[in-house]
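Peer 1: Take this structure first; my questions come after.
The values are calculated or read from the model by the stated rules, or taken from the named source; none is laboratory data. Since the model is a prediction, treat every value here as computed from it, not as a measurement. All Cβ positions, even for glycine, are placed from backbone atoms using ideal geometry, and neighbour counts span all protein chains on display. We work out accessible area using only protein heavy atoms, side chains counted, and drop any ligands, DNA or RNA first. Shrake-Rupley method; radii C 1.70, N 1.55, O 1.52, S 1.80 Å.
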Amino acid sequence: MTPEEFSAVTAACDLLLRGSGPSVEAVAIPWLHVLNEHPSNLARYEDLLLPRAPMPQYLRRAIRIGKRQLKAQWDAPMLLPEAPSGVDVVFFSHLLNVDMLDREDDFYFGDLQAALEARGLTSVMVLFNQTGVAGGDLAGRVARSLPSGRFLLPSADRLGQDLRTLRGLRPTAGVLNGVARKAPDRLLRRVAKQAAYHALDVGTLSNLSLHRRVGELVALLRPKAVVVTYEGHAWERMVFHAARQAFPEVNCVGYQHTILFPRQHSALRRLGKGFDPDIILTVGELNRARLLSRLPEVDVQVYGSHRASMTSDPPRASRPTRCLVIPDGILSECEVLFDFAIACSLALPDIEFVLRTHPVMPFSSVARARRRFQRLPSNVTLSRGGAIRDDATKCRWVLYRGSSAVVASTMGGARPIYLSLGEGELDIDPLGELREWRRVVRSPSDMARIVAEDSNAGEGQLQKEALPAVQYCASFATAPRFKSFCSTLGLS
């Protein structure tokens with residue numbers, strides 16, 4: 001997809017979302033929220049640009065809805081916490097794998113709940129189940145009572161509720177089909193037709209189910225603030241809208257916790273007071289400046305991140321000849337990077353390549369889905385997990401594409417090497433603004449050239465070259481500012 005095509009698709013989606021005023025049903029359609037230029041996101045829109053758009057896959061949609069109903073049979077009900085006097089904050093986060101239940105802190109919000117409790121404030125952490133394990137098997141392990149409450153959000157509704165929701169969505173699908181019939185250009189016709197199809201799909205059902213549940217929760221707890229991980233998804237807007245309907249005094253807060261791509265879109269455009277955050281908390285000054293350049297009227301404050309790297313380790317010539325490989329938590333990105341790393345390992349047998357996966361996509365899942373990764377060359381190994389910094393400080397290079405983990409890896413002294421797929425791909429490099437230290441590869445021969453150059457470079461030369469990149473990464477995220485969090489949200 002070209003930059004011009006990307007702009008045209010996002011403009012068409014926004015036109016349909018806003019219309020004469022965005023409706024809950026339209027905003028609930030996840031397909032209309034174009035996140036950014038990452039290939040995993042753009043894949044949903046490639047059909048729009050073909051000479052002839054394929055027929056919507058109605059059978060696949062029916063299968064997805066059927067799977068949703070099976071999931072509902074094994075889910076646990078939403079167990080609302082008892083809070084007679086309300087709570088101060090409700091967080092919405094994600095349970096990525098079952099091992100996270102053994103941790104006291106949250107993957108995204110760290111120990112923020114414990115810090116609030118120490119200050120005499122109450123909170124509830126609502127978790128989306130992304131483990132693949134039935135909610136009924138996990139609900140008891142997740143549950144914690146106030147003052148630092150926690151529970152698992154049900155993944156699906158029963159059949160009767162889904163049928164009622166689908167009936168309520170038919171007018172929205174009808175309006176979108178009407179736009180498709182009357183649209184003045186081909187792209188808008190296709191976007192409207194696909195949006196009508198997705199209006200009756202599982203993602204929209206899930207978002208409207210979330211809207212209803214958030215309304216029930218907020219009406220009961222009457223929190224001073226609801227805080228969501230903020231990336232531009234439709235579900236985030238559902239939380240804001242439902243919370244305001246249930247309790248108009250609530251503060252709606254988005255925590256922008258990761259990188260912003262050059263063409264980041266849905267998180268950086270307004271849909272109206274009912275759906276927009278009152279406050280955006282971000283990880284550092286760099287992203288705050290980027291957000292304010294697009295959203296000058298929004299209150300954007302730096303909160304920081306518990307995963308911020310506050311110190312740096314210099315690159316050293318004495319480090320092992322090892323390259324860390326860090327894909328996003330997306331199967332296709334694991335394939336791209338792992339295939340390239342294996343090709344490099346065959347061309348560079350003296351270099352060790354360490355594969356490190358995202359918590360949502362453990363290597364065992366990748367190997368089950370793509371059996372070629374079940375047998376690896378002898379110089380391709382797996383990370384033992386733990387902090388990304390621990391891996392990075394033991395490596396000379398880090399091979400990446402769209403993962404924000406490259407920031408911590410660069411702070412750890414590894415040279416960042418971005419894998420480009422060629423001229424036809426939109427750049428998704430989180431460090432694309434860097435002109436020094438960072439390298440770009442497209443082939444194993446490119447990798448071999450970088451390895452040879454670094455092997456012949458002196459340690460002082462490497463450290464001098466790395467310094468601007470380390471300073472840049474240090475500005476990406478700061479340590480959590482708890483007092484600022486409380487004052488910004490009006491917490492006593």
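Peer 1: Go through region 183-226 residue by residue and tally those that are under 21 Å from the mean Cα position of the chain (by Cα) and β-branched (Val, Ile, Thr).
Peer 2: Looking only at that region, the number is 4.
Peer 1: Also, quick follow-up: Determine which member of the set 103, 64, 141 is open to solvent by 70 Å² or more (accessible area, probe 1.4 Å), touching an Asp or Glu at 6+ places or on another chain (Cβ under 8 Å) and modelled with pLDDT of 75 or more.
Peer 2: 64
Peer 1: If you scan region 193-234, which residues turn out to be open to solvent by less than 30 Å² (accessible area, probe 1.4 Å) and not in a helix (DSSP H, G or I)?
Peer 2: Residues satisfying the conditions are 201, 223, 225, 226, 227, 228, 229, 230, 232.
Peer 1: Then there is this: Would you be able to tell me the number of residues in region 122-138 that are open to solvent by 10 Å² or more (accessible area, probe 1.4 Å) and out of contact with any His (no Cβ under 7 Å at 6 or more places or on another chain)?
Peer 2: Residues meeting the conditions: 8.
Peer 1: Continuing with this model, one more query. Only one residue in 341, 347 is at pLDDT 95 or above, within 28 Å of residue 426 (Cα to Cα) and open to solvent by 40 Å² or more (accessible area, probe 1.4 Å). Which one?
Peer 2: One residue alone meets the criteria, 347.
Peer 1: Would you check if residue 404 is open to solvent by 30 Å² or more (accessible area, probe 1.4 Å), under 24 Å from residue 455 (Cβ atoms) and hydroxyl-bearing (Ser, Thr, Tyr)?
Peer 2: Judged against the criteria, residue 404 is not a match.
Peer 1: Of everything in region 440-479, what is open to solvent by 60 Å² or more (accessible area, probe 1.4 Å) and either touching a strand residue (DSSP E or B) at 6+ places or on another chain (Cβ under 7 Å) or on the phi > 0 side of the Ramachandran plot (or both)? Give them in sequence order.
Peer 2: 440, the sole residue that qualifies.
Peer 1: Residue under question is residue 240, and the condition is that it be part of a loop (DSSP other than H, G, I, E, B), closer than 26 Å to residue 129 by Cα and in contact (Cβ under 8 Å) with a residue 24 or more places away in the chain; does it hold?
Peer 2: So residue 240 fails the test.
Peer 1: For region 391-416, what are the residues that are within 16 Å of residue 314 (Cβ to Cβ) and either β-branched (Val, Ile, Thr) or part of a helix (DSSP H, G or I) (or both)?
Peer 2: Within region 391-416, 392, 393, 398, 408, 409, 410, 411 qualify.
Peer 1: Let me ask you something else. I'm trying to understand the selection: among the residues of region 283-300, which are touching a residue at least 40 places away in the same chain (Cβ under 8 Å), crowded, with 18+ Cβ neighbours inside 10 Å and not in a loop (DSSP other than H, G, I, E, B)?
Peer 2: Result: 286, 287.
Peer 1: Looking at (1) farther than 22 Å from residue 94 by Cβ; (2) at pLDDT below 90; (3) of a type in the set (Val, Ile, Thr), can you tell me which one residue 175 breaks?
Peer 2: Just one mismatch for residue 175, condition (2).
Peer 1: Do the conditions hold for residue 190, that is, is it buried (at least 19 other Cβ atoms within 10 Å of the Cβ), at pLDDT 90 or above and either under 25 Å from residue 250 (Cβ atoms) or not aliphatic (A, V, I, L, M) (or both)?
Peer 2: Yes: the conditions hold for residue 190.
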